[in-house]
Amino acid sequence: MQIAQQLAAEAVHQVLTGRNLGVTLDAMFSRQRSLTPQQRGMTQDLSYGCLRQYGQLQALLNQLLQKPLQDERLRCLLLVAIYQLQQARAASHTIVDQAVQASAQFKKPWVKGLTNAVLRNFLRQQDVLVKNIDPTDDVARYSYPQWWVNKLRHQYPQEWKAMLLAGNQHPPMTLRVNRRHLSVEAYSQQLADAGIAASELGGSAVTLTQPIPVERIPGFLEGDVSVQDAGAQWAAPLLDLAPGMRVLDACCAPGGKTGHILELADVDLVAMDSDAGRLRRTEENLQRLKLKAQLVTGDAADASGWWDGRPFDRILADVPCTASGIVRRHVDIKWLRREADVASFVRQQALILPQLWQCLAKGGKLLYATCSVFHEENQQQIDRFLQQHADAKQLPLSQDASPHARHGQFYPCAAHDGFFYALLQKN
Ligand SMILES: C[S@@+](CC[C@H](N)C(=O)[O-])C[C@H]1O[C@@H](n2cnc3c(N)ncnc32)[C@H](O)[C@@H]1O
């Protein structure tokens, strides 16, 4: 699987130069049409794994080098190979040989020798190298940027470590059963009949013990289920929907929560997003679920461009955010985000929220949602909004869905990603 090692190294390099991992892999796979599903799967596993542990891998590699490498692509190849050696899923000599051969592409006389020496030294000294990692080096210890560790340590003096570690786990595959089609119990039975181990998480959520390709999920193509993290599945029930309501799903794409809203109640739904491409994915999702909404392309920060003036009874504001709560699914976010991005998302959210508020009917409810764990985007944003809007009050959340939630902040844990929900009512 030399090709997977090389492609993963290239994908890691692309992420470290600022590109999104999913987009990078999609582009790679569409260029390399001859790859087998196994090769694609392995490329994905290696690039996700390497970025998940990047801080630690980097600290290990640095101990093995006498001076920093100038060639970033070579550095990424070594990081991927060290990750593979740590995982020990293939014979170590094969991993080393593949990396040595791959390093020939760098066309420098010393490079094969260096690759061979670094990786063989790693194998010989692995345990000592791990022990020698400086315990005060947070980046190496937790594999997050320093500013991220500092922020969480400051904002969550009790929980920060558990939150960082939860973000480094492999995410489970969780499904949402379309209860318009069948009950959770009936679907669990279908899974059991198909020999797929799973457990019910409450509400409409069922987690598979082992992730499987979507095409193999029973009833997926028929719209019986969708893939959605359990934390994201709280949004639609929190909206407290009733048939006939006029509902706005703002920042809806790719439509995970849009489908859930329509599964729960016969509402008149407007689903809007500024990204026309992502909105098409919302449309495809609704087609699969056989549900209908009015899809609108528009800027949530400027309601004059898309709102017809008729107030909404319910609004879901699933605003753009740092996505700091979902890093176990999107490992690249840890390395793509910069500290200054937090303030920039806070500014966007602060523009969107009052615009959506004016579209809400008196007595109506707006659910503000992020998939972030940073306070600035969450309760601090809401506190500022409440100070500026005398007609708004924050309601307690009716659902106590998770033992890992407090005051609307759902902490990332084994069962769900990190989310924040604030339910506001207009007086
Ligand atoms: C967190 S994602 C939404 C996820 C979606 N609600 C779901 O459950 O599948 C945020 C979305 O906000 C959209 N967005 C960002 N800025 C926006 C704006 N100013 N107006 C409308 N949509 C925006 C992005 O295109 C993105 O689709």
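The values are calculated or read from the model by the stated rules, or taken from the named source; none is laboratory data. From a predicted model like this one, the values you see are computed outputs, not experimental measurements. Using ideal geometry, Cβ is built from the backbone for each residue, glycine included, and neighbour counts are taken over all protein chains shown.
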| message | Every residue in the stretch 347-372 that is touching a Phe, Trp or Tyr at 6+ places or on another chain (Cβ under 7 Å) and among the β-branched types (Val, Ile, Thr), please. | response | Thr370
| query | Looking at the stretch 297-351, which of its residues are closer than 20 Å to Lys365 by Cα and either away from the ligand (no atom under 11 Å from the Cβ) or among the hydroxyl-bearing types (Ser, Thr, Tyr) (or both)? | reply | Trp307, Asp308, Gly309, Arg310, Pro311, Phe312, Asp313, Arg314, Ile315, Ala350
| request: Please name all residue pairs, on different chains or six or more residues apart, with Cβ atoms under 6 Å, provided the first residue is in the stretch 304-323 and is on the phi < 0 side of the Ramachandran plot and the second residue is β-branched (Val, Ile, Thr) and away from the ligand (no atom under 15 Å from the Cβ). | output: Thr322/Val342
| message | Pairs please, first residue from the stretch 379-393 and closer than 15 Å to Ile352 by Cβ, second anywhere and aliphatic (A, V, I, L, M), Cβ atoms under 6 Å, 6+ apart in sequence or on different chains. | response | Ile382/Ala422; Phe385/Leu353; Ala392/Leu386; Ala392/Leu424
| task | Please specify each residue of the stretch 266-296 satisfying the condition of being more than 17 Å from Gly223 (Cβ to Cβ) and out of contact with any Phe, Trp or Tyr (no Cβ under 8 Å at 6 or more places or on another chain). | result | Val267, Asp268, Asp273, Ser274, Asp275, Ala276, Gly277, Arg278, Leu279, Arg280, Gln294, Leu295
| Only one of (1) assigned by TED's automatic domain parsing to the domain that holds His93; (2) touching a Lys or Arg at 6+ places or on another chain (Cβ under 9 Å); (3) more than 26 Å from Gln53 (Cβ to Cβ) is not met by Lys107, so which one is it? | (2)
| Which ranges mark the helices (runs of 4 or more DSSP H) fully within the stretch 70-187 that have 1 or more residues being acidic (Asp, Glu) and touching a helix residue (DSSP H, G or I) at 6+ places or on another chain (Cβ under 8 Å)? | 72-87, 138-142
